[in-house]
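Trainee: The structure that follows is given in the form of structure tokens.
The values are calculated or read from the model by the stated rules, or taken from the named source; none is laboratory data. All values reported here derive from a predicted model rather than from experimental measurement. Here Cβ is always computed from backbone atoms with ideal geometry, including for glycine, and neighbour counts include all displayed protein chains. Calculation scope for accessible area: heavy atoms of the full protein, side chains included, ligands and nucleic acids excluded. Shrake-Rupley method; radii C 1.70, N 1.55, O 1.52, S 1.80 Å.
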Amino acid sequence: MGPSARQPPARPPPGPGGPRTARGSQWGHEEGRRPATVPRTSPLAVAALACAALGWWLFGLGSLAAIALGLVSLQQIEQSNGSLKGRGLAIAGIALGAAVCVAYLLAIIVAYL
């Protein structure tokens with residue numbers, strides 16, 4: 001074996017994003033950290049808004065479901081550390097669900113007076 005057999009393999013040329021770090025990341029993130037993922041919209045927040053929108057036609061039950069789904073969605077969004085979004089949708093579902101509940105109760109009261 002000659003001296004060339006013990007040399008480390010040649011490094012490949014850097015890719016289009018620049019030179020790679022020791023861990024192979026081309027973006028130079030700190031060791032142990034992963035790149036941030038794009039947050040996704042909470043499906044429960046979307047369901048809360050949809051139930052609230054359909055609450056009047058579902059005899060008020062949709063609006064009760066909207067309030068429950070919206071509250072659970074807000075809790076999950078808070079605990080997700082930024083991986084879930086949709087706080088506005090959840091709040092809108094809760095508010096619209098509450099408004100439909102109140103309107104439905106008022107309609108029942110007026111109907112029986």
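Trainee: Solvent-accessible area per residue for the stretch 44-113 at a 1.4 Å probe radius, Å²?
Mentor: I get 61 Å² per residue for this part.
Trainee: When the accessible area of the stretch 60-109 is split by element with a 1.4 Å probe, what percent falls to carbon and sulfur? The partial results should precede the final answer.
Mentor: Details: 2010 of 2750 Å².
Carbon plus sulfur share of accessible area: 73 percent.
Trainee: Compute the distance in nm between two label points, each set 7 Å from the Cα along the Cα-to-Cβ direction, one at LEU58 and one at THR41.
Mentor: 1.8
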